[in-house]
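Enquirer: Got a structure here, written out as structure tokens. Questions coming.
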Amino acid sequence: MAETRWLSPDEQRTWRAYIEANRLLNEALDRQLQRDAGMPHTYYEILVRLSDVPGHRLRMSELAHSSLSSRSRLSHAVSRLEERGWVRRESCPTDGRGALAVLTDEGFAVLKAAAPAHVEEVRKRLIDRLTPEQVAQLGEIARTICEGLTDTAAARV
């Protein structure tokens, strides 16, 4: 059995700071969206993902994958969004077993109304606190982490 590679004191401080910053940022963004738009960050992300694709529609499985959600969790969230009239489900025309999530006009309007305050909160809590160089470094670091995690997930399949 390989010997444990413990974190150095500097690595441990970095790890703890990353975990705390990530948690605090997500909580702040969720509070802002709940307060200003009456929705959790999870719903906002689903609406954004649908707004970013042609026809504002995605297979439920693709939406679950892109939003880093389990299919059951996504299905529950889409049900709540359907109740609000922001998303509807359609049968997949190429696969009778599949379903599409479709952003409605009302859902797009809600997203469009929520976006300015949300972007301002992202700026206030993250972007404006960093120098342009730090923003670039953060992007590079985040992409590197995501690539490693994506490689790990793909290796398990």
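Enquirer: Carbon-plus-sulfur fraction of the accessible area of region 1-73, 1.4 Å probe, in percent?
Expert: Accessible surface attributable to carbon and sulfur in region 1-73 totals 53 percent.
Enquirer: Can you give me the pair-distance distribution of region 61-157, C-alpha pairs, 10 Å bins, whole percents?
Expert: P(r) over region 61-157, rounded to whole percents: 13, 27, 31, 25, 3.
Enquirer: Here is a follow-up. Taking 30 Å as R0, compute the FRET efficiency from the Cβ-Cβ separation of Ile145 and Asp36 and round it to 0.05. Mind dumping the intermediate values first?
Expert: Working: r = 29 Å, r/R0 = 0.98.
With a Förster radius of 30 Å, E is 0.55.
Enquirer: When ligands, DNA and RNA are left out and all protein chains stay put, how many square angstrom of accessible area per residue does region 5-141 have with a 1.4 Å probe?
Expert: So region 5-141 comes to 67 Å² accessible per residue, rounded to a whole number.
Enquirer: Add -39500 (n - 2.57) for each DSSP H run of 4 or more in the chain, then divide by its residues: what number comes out at 222 nm, to the nearest 500 deg cm²/dmol? Numbers along the way, then the final one.
Expert: Values: 6 runs with 107 residues, N = 157.
-23000 deg cm²/dmol, from helical runs alone.
Enquirer: Out of the trypsin sites (Lys or Arg not before Pro) in region 72-136, which ones are loop residues according to DSSP with at most 14 other C-beta atoms within 10 Å?
Expert: Details: sites: Arg73, Arg80, Arg84, Arg88, Arg89, Arg97, Lys112, Arg123, Lys124, Arg125, Arg129; in loops: none.
In loop regions of region 72-136 (DSSP not H, G, I, E or B), there are no sparsely surrounded trypsin sites (Lys or Arg not before Pro).
Enquirer: Something else now. Between Leu138 and Val53, what's the calculated FRET efficiency when r is the beta-carbon distance and R0 is 25 Å? Round to 0.05.
Expert: Once rounded, the FRET efficiency stands at 0.45.
Enquirer: Once you charge only the Cβ atoms, +1 for Lys and Arg and -1 for Asp and Glu, what is the size of the charge dipole of the chain about its Cα centre, to the nearest 20 debye? The partial results should precede the final answer.
Expert: Details: 23 positive and 23 negative charges, 80 e Å.
Value, rounded to 20: 380 debye.
Enquirer: Taking the convex hull of the Cα atoms, report for region 99-142 its projected area averaged over all directions, in nm².
Expert: Working: hull surface 19.2 nm².
Its average projected convex-hull area is 4.8 nm².
Enquirer: Another one. How about region 1-92: which GluC sites (Glu not before Pro) there lie in a loop by DSSP and see at most 14 other Cβ atoms within 10 Å? Walk me through the numbers before you get to the answer.
Expert: On the way: sites: Glu3, Glu11, Glu20, Glu27, Glu45, Glu62, Glu82, Glu83, Glu90; in loops: Glu3.
Listed in order of number, the matching sites are Glu3.
Enquirer: With a cut-off of at most 10 other beta carbons within 10 Å, and DSSP calling the residue loop, which trypsin sites (Lys or Arg not before Pro) in region 1-45 qualify? Please list them.
Expert: Arg5
Enquirer: Stretched out fully, how many nm does the piece from Arg13 to Ala109 gain, at 0.36 nm a residue minus the Cα gap? List each step's numbers first, then the result.
Expert: Numbers: separation 96, 0.36 × 96 = 34.56 nm, distance 4.26 nm.
Going from the current span to full extension adds 30.3 nm.
Enquirer: Debye sum, Cα scatterers, region 38-96, no solvent: what log₁₀ I/I(0) at q = 0.15, 0.20, 0.28 1/Å?
Expert: -0.40, -0.72, -1.44
Enquirer: Given R₀ = 30 Å, FRET efficiency for Glu27-Ser75 by Cβ-Cβ distance, to 0.05?
Expert: Working: r = 25 Å, r/R0 = 0.83.
In this case the efficiency is close to 0.75.
Enquirer: Using the Kirkwood radius over C-alpha pairs as Rh, can you work out the diffusion coefficient of region 1-141 via Stokes-Einstein at 25 °C, viscosity 0.890 mPa s, in µm² per second? Intermediate values should be presented prior to the final figure.
Expert: Details: Rh = 17.3 Å.
Roughly 142 µm²/s, to the nearest whole number.
Enquirer: So what's the gap between the Cα centers of region 99-128 and region 6-85, to the nearest angstrom?
Expert: A separation of 12 Å, based on Cα centres.
Enquirer: Residue separation times 0.36 nm, minus the C-alpha to C-alpha distance between Cys92 and Met1: what's the value? Intermediate results must be reported in sequence, preceding the final value.
Expert: Values: separation 91, 0.36 × 91 = 32.76 nm, distance 4.90 nm.
Here the answer is 27.9 nm.
The values are calculated or read from the model by the stated rules, or taken from the named source; none is laboratory data. Please read all numbers here as calculations on a predicted model, not as lab measurements. Because the Cβ atoms are built from the backbone with ideal geometry, glycine has one as well, and the counts that use them run over all protein chains shown. Just the protein is used for accessible areas: all its heavy atoms, side chains included, with ligands, DNA and RNA removed. Shrake-Rupley method; radii C 1.70, N 1.55, O 1.52, S 1.80 Å.
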